[in-house]
Amino acid sequence: MREFYLFSIIKDIMLKTLQSVSQNFCYTYKFELLSPFTALGSSGSLILKGMTKDNRGVIYSNFKRKVSFVLKDNYIVIGEEKFNPFNFSFQDRIINKLSYYEREALCVTQRNKVKVKVIEGKNVLPFLSEDIKNELSLTLFNYFKKEIGFTLDKPIMIYKVILSKSKVYLQFLSNWSFWYVDMEEFGKRNYSLIPLIRLSKEIKETLNK
């Protein structure tokens, strides 16, 4: 019973970690039981494996992060610290530690399934000036004829702006459907989109200063 109880805590932590990380990977993650006391999960570039044996448990991350547990006297013991298992604040600390990931995701929704392409890059949207964001919104509005914004309440949301090597990608989300474009290539598609070519260069220059 102690092993089942400890494994239920490990499964809970793994699922919460994957759900948190999945926000970076278009809300996609996988979780499966390999045996009664072994679980495997992944989201984007993060892979977690959790297992228990007797009163001991461990969660491994592919980014060389590990958390070990011992169930002793009805407490969860991690290193030198004891935690009440019914006080879930200790889980938040573990989730933060395991939630480290590298790379970004480019996502496309096809037949109601999200396909994720993991790439080396960085979401630079939080670092863009309001002038650049406003010009992005206006340029794309002229093409799509729909309001473009950076929140879920807009008909089309710019979910991310990803800088990857020499390219800048726009990741879109609309009605929980994902798609993305290479800004410079997309800018060549239509006369109204030409400002995207200049904006792509501005984004790269701004972030390389």
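The values are calculated or read from the model by the stated rules, or taken from the named source; none is laboratory data. None of the values given here were measured: they were computed from a predicted structure. Every residue, glycine among them, receives a Cβ derived from its backbone with ideal geometry; neighbour counts consider all protein chains shown. Note: accessible area is taken over every heavy atom of the protein model, side chains too, but ligands, DNA and RNA are not part of it. Shrake-Rupley method; radii C 1.70, N 1.55, O 1.52, S 1.80 Å.
Could you grab me the full set of residues in segment 40-65 that are of a type in the set (A, V, I, L, M, F, W, C) and either in contact with an Asp or Glu (Cβ under 7 Å, 6 or more places away or on another chain) or under 30 Å from V161 (Cα atoms) (or both)?
Applying the first criterion (of a type in the set (A, V, I, L, M, F, W, C)) to segment 40-65 yields 40, 46-48, 51, 58-59, 63.
Scanning segment 40-65 gives L40, L46, I47, L48, F63.
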query: Only one of (1) touching a residue at least 12 places away in the same chain (Cβ under 8 Å); (2) open to solvent by 20 Å² or more (accessible area, probe 1.4 Å); (3) within 14 Å of I9 (Cβ to Cβ) fails for E120. Which number is that?
result: (3)
task: Go through (1) in a loop (DSSP other than H, G, I, E, B); (2) open to solvent by 50 Å² or more (accessible area, probe 1.4 Å) and name the single condition P85 misses.
output: (2)
statement: Pairing a residue in segment 158-180 that is crowded, with 20+ Cβ neighbours inside 10 Å with any residue that is small (G, A, S), where Cβ atoms lie under 7 Å and the two sit 6 or more apart in sequence or on different chains, gives I162/G121; L163/G121; V168/S200
Filter result (assigned to a loop (DSSP other than H, G, I, E, B), open to solvent by 90 Å² or more (accessible area, probe 1.4 Å) and under 18 Å from R198 (Cβ atoms)) within segment 127-154: none
